[in-house]
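Below is one structure, written out as structure tokens; comments come after it.
The values are calculated or read from the model by the stated rules, or taken from the named source; none is laboratory data. Only a predicted model underlies this, so the values are computations on that prediction, with no experimental measurement involved. Heads up, the Cβs are rebuilt from the backbone with ideal geometry, glycines too, and the neighbour counts pull from every protein chain shown. Areas reflect the complete protein model, heavy atoms only, side chains present, ligands, DNA and RNA absent. Shrake-Rupley method; radii C 1.70, N 1.55, O 1.52, S 1.80 Å.
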Amino acid sequence: MENQNKPTMQALIAAEANAPFTLTEVERPVAAEGQVLVRIVASGVSVLDNKIRTGKGGHAKQPLPAILGMDFAGIVEAVGTGVTRFKAGDEVYGLAGGIGGLQGTYAQYAAFDADLLAVKPTSLSMRQAASMPLNFITAWEGLVDRANVHEGQKVLVHGGAGGVGHLAVQIAKAFGADVYATGSAAQQQYIEGIGATFIDYREKTVEQYVNEYTGGDGFDIVYDTLGGATLDASFVAAKYYTGHVVSCLGWGEHKLAPLSFRGATYSGVFTLMPMISGRGRKHHSEIMQEATRLAEAGKIVPLIDERSFTLSTANEAHDILENGKSVGKLVVDVA
């Protein structure tokens, strides 16, 4: 009887692998020490969410049943002891749940580690803000933390219209780099619109575009967002001696000889590590503060799919991830 008096909320439960989400009434969390209780307004829908739901995302260490969802934007309801950066009423966003045993964002409320949050940009809608954190942090860690992107460099982004790719293009541009991005012919207008030189990967070989745009020297930074054969191509596109290849999907087996013979270097990005391990979470907040700064300066505009979903129709968004196509990130309107 006592539990019936506790506040509740609606949340999507992924009960077992490959089962659809079930909208369920569950107990509302409270903000413990170092946490922020957030009323979630919008939640990004990630390919990784769908991998976890279908039992293929073991590296995320999110056992089912669970509330999934990693990215969010919302409003602070209350703060736990020790939290001084946020107060009730603040609009915040971040990559904060849905992996490593943490409650996800497909819910009306969540208690998040304050070190994972930042104040939302006033220039972006809740939907736009909710689409950004996972992809922005992944792009930033590769370009800034690993490759030290700076003015005057030539940067190649593979998958320039993709979730990580379109933000990587904009970050590199904001740092003053000369940016090139691969994509399909249908993506040319968008890629050029965000300031990159478009490369049709179906029409030009790696050798052709390396010769055309770098005189055969190679690119200072190559960001692979696709993995597999694209990472192999990235090794061939890196600049001799000083080139640096970054990948957020470098999980396969690859021959390092092409990279080694160019004297170039490689870094992998595993964005989930601070959430899973508990180490380095504050840096995610620092990165999202940079996202806010760039967005408010008009240098970052996320691409989102305009279709609208609620907690009741979120299964449809996951059907699109599996069987359909989206232009930009899918977002669930929670509030």
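Surface composition of the stretch 1-85: carbon plus sulfur atoms contribute 51% of the solvent-accessible area (1.4 Å probe, protein chains only, all chains present). Accessible area per residue for the stretch 96-238, computed on protein heavy atoms with a 1.4 Å probe, is 33 Å².
Coupling constants for the stretch 19-30 follow from the phi torsions by the Karplus curve (6.51 cos²θ - 1.76 cosθ + 1.60, θ = phi - 60°), and in residue order they are 7, x, 5, 10, 6, 9, 8, 10, 5, 6, x, 10 Hz; glycine and proline get x. Each 5 Å bin from zero holds the following percent of Cα-Cα pairs in the stretch 257-311: 4, 13, 12, 12, 14, 19, 15, 8, 2, 2, 0. Taking the stretch 209-335 as the region of interest, the number of lysine pairs whose Cα atoms are within less than 26 Å, with members eight or more places apart or on different chains, is 4.
Checking the cross-link pairs K120/K173; K56/K87; K6/K56 against a 26 Å limit on the alpha carbon distance flags K56/K87; K6/K56 as lying beyond it.
Considering only DSSP beta bridges whose two residues both sit in the stretch 70-216, what percent are antiparallel, to the nearest 5? Around 50 percent antiparallel, to the nearest 5.
Of all beta bridges that DSSP places with both ends in the chain, some 60 percent have antiparallel geometry. The apolar share of the surface of the stretch 142-299, taken as the fraction of accessible area on carbon and sulfur atoms (1.4 Å probe, ligands and nucleic acids excluded), comes to 50 percent. The charge dipole of the stretch 146-231, taken about its Cα centre with unit charges on the Cβ of Lys, Arg, Asp and Glu (plus for the first two, minus for the last two), comes to roughly 240 debye.
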